[in-house]
Amino acid sequence: MNTRSQQLFERARQFIPGGVNSPVRAFKSVGGTPLFLRDAKGAYLYDADGNRYIDYINSWGPMILGHAYEPVVTAIQRQAASSTSFGAPTELEVEMAALIVEMVPHIEMVRMVNSGTEACMSAIRLARGYTGRNKIIKFEGNYHGHADSFLVSAGSGVATLNIQQVPGVTPAVAQDTLTAPYNNLSVVEDLIDEHKGEIAAIIVEPVAGNMGCIPPAEGFLEGLRRLCTREGIVFILDEVMTGFRLARGGAQEYFNIQADLVTFGKIIGGGLPVGAFAGSRAIMEEIAPAGKVYQAGTLSGNPLAMVAGYTTLKELYNHPELYARLQQKTSYLVEGLKGVFGIGNIFSQINHVGSMMSVHFTEYPITDFVSASGANNELFKKFFHAMLNRGIYLPPSAFESWFLSDALAQEDLDRTLEAARETMEEIAA
Ligand code: PLP
């Protein structure tokens with residue numbers, strides 16, 4: 001008997017390439033059929049067959065408050081009754097920008113877009129326009145969305161599907177993207193020396209979340225900051241994952257570091273499609289119509305998206321204690337899993353920062369793309385499916401971070417650890 005998800009996946013493949021609208025959803029690296037989801041509330045997802053799951057993906061990060069969070073739902077409903085789109089300025093956009101500037105250190109102005117990809121793509125164009133230089137440096141296994149310049153040694157689905165060179169990205173574009181291993185400052189220094197005066201920007205995930213969860217090594221972000229200041233390079237922190245997740249002010253606050261530009265996505269839209277980029281007035285006023293670096297969007301600042309994002313950010317702003325709570329929940333889960341893997345004599349590396357975490361099955365520390373790629377994917381697959389069978393919804397690739405939500409209760413964490421215990425027994429048998 002086929003499940004409803006299996007039937008839907010079969011039908012989806014007739015009409016949608018690979019049956020999904022974003023590659024990692026297809027379960028390619030773990031095998032099996034992706035769950036087709038029907039609804040969600042708090043920490044739980046319900047699939048098309050009516051099964052319940054504890055959610056550790058949370059829409060790949062946005063749902064930090066849990067699913068169908070009442071104030072967000074109400075705000076969207078109220079706004080929808082008034083208008084779903086104007087394509088003209090609104091007071092809501094101004095309040096949204098002001099709230100972001102209040103929450104995030106070192107920024108004075110913000111431009112709203114519709115996704116993290118757009119945010120990073122626009123930030124790079126701005127850095128190029130501002131400096132008059134062409135090249136950028138990014139890190140292996142970091143993912144900044146699917147704009148052409150970023151699909152070089154990228155993480156996330158590009159790594160999951162092991163696409164070494166993305167067809168459609170021209171060599172002319174690719175040659176302006178230089179890459180270095182994550183957490184390796186000396187390679188960055190060498191690249192800068194080799195391309196003196198040519199580097200417009202360094203873009204980095206302050207915590208790499210697209211090859212599992214990899215924290216920055218001590219001094220790495222500070223070293224990049226120093227090099228950028230010395231060389232007149234725009235330092236871009238891609239905070240699409242870390243923004244409003246590590247702290248109200250994101251990685252800049254968490255690590256006490258200053259970027260020239262920051263990019264946002266995920267939480268900033270409260271579950272609706274939103275991105276943003278932000279920085280000092282001096283840089284941001286290069287953007288059209290204040291300046292000449294062109295950037296636009298029919299649905300940018302869309303009222304539904306703004307009200308979902310604003311309501312979410314306001315909750316975070318008003319309840320900073322939530323971050324300590326999320327961190328405690330994450331530590332509890334991490335320590336519990338370490339215990340479970342220890343009993344099974346399974347080599348594992350569990351990295352975590354704030355409420356982001358990941359599990360790699362290997363005895364070696366996971367510090368960059370090469371070490372992440374060396375982990376035991378066969379074991380990850382088994383772990384993933386055994387957990388899924390027990391109602392625990394984990395990212396279907398070891399190249400993705402887990403995201404915890406504030407809706408997770410103690411009993412959910414304990415149920416997850418119980419499932420991990422059973423899983424390890426099943427794998428050992
Ligand atoms: N930057 C980072 C760090 C991301 O994790 C992602 C998506 O996962 C993006 C950019 C792209 O964002 P979006 O998928 O909203 O285009």
Qualifying residues in region 131-168 (those that are hydroxyl-bearing (Ser, Thr, Tyr) and out of contact with any Gly (no Cβ under 6 Å at 6 or more places or on another chain)) - the one farthest from the ligand (Cβ to nearest atom): 131
Qualifying position, being on the phi > 0 side of the Ramachandran plot and in contact with a Pro (Cβ under 8 Å, 6 or more places away or on another chain), among 232, 219, 301, 269: 301
Hey, residue 235 within 16 Å of the ligand (Cβ to nearest atom), more than 15 Å from the chain's Cα centre (by Cα) and either assigned to a strand (DSSP E or B) or of a type in the set (A, V, I, L, M, F, W, C) (or both) or not: yes
Meets criteria (surrounded by fewer than 17 Cβ atoms within 10 Å (Cβ to Cβ) and among the aromatic types (Phe, Trp, Tyr)) for residue 86: yes
Hits in region 110-121 - residues which are assigned to a loop (DSSP other than H, G, I, E, B) and either aromatic (Phe, Trp, Tyr) or away from the ligand (no atom under 15 Å from the Cβ) (or both): none
Boolean, residue 50 is over 28 Å from residue 208 (Cα atoms) and assigned to a loop (DSSP other than H, G, I, E, B): yes
Some residue of region 70-88 being of a type in the set (Phe, Trp, Tyr) and under 19 Å from residue 289 (Cβ atoms): yes
Condition check for residue 119: buried (at least 22 other Cβ atoms within 10 Å of the Cβ) and in contact (Cβ under 8 Å) with a residue 60 or more places away in the chain: yes
Number of positions in region 177-215 that are within 16 Å of the ligand (Cβ to nearest atom), of a type in the set (S, T, N, Q) and not in a loop (DSSP other than H, G, I, E, B): 2
Flag if residue 280 is in contact with a strand residue (DSSP E or B) (Cβ under 6 Å, 6 or more places away or on another chain), surrounded by fewer than 24 Cβ atoms within 10 Å (Cβ to Cβ), closer than 30 Å to residue 86 by Cα and among the small types (Gly, Ala, Ser): no
Filter result (in a loop (DSSP other than H, G, I, E, B), crowded, with 24+ Cβ neighbours inside 10 Å and away from the ligand (no atom under 11 Å from the Cβ)) within region 246-276: 246, 259, 260, 270, 271
Residue identified as closer than 30 Å to residue 408 by Cα and either under 21 Å from the mean Cα position of the chain (by Cα) or within 16 Å of the ligand (Cβ to nearest atom) (or both) among 100, 107, 124: 100
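Read-outs throughout are calculated quantities, based only on the coordinates presented, and are distinct from any laboratory measurement. The structure presented is a predicted model; accordingly, all values stated were derived computationally and were not measured. Every residue, glycine among them, receives a Cβ derived from its backbone with ideal geometry; neighbour counts consider all protein chains shown.
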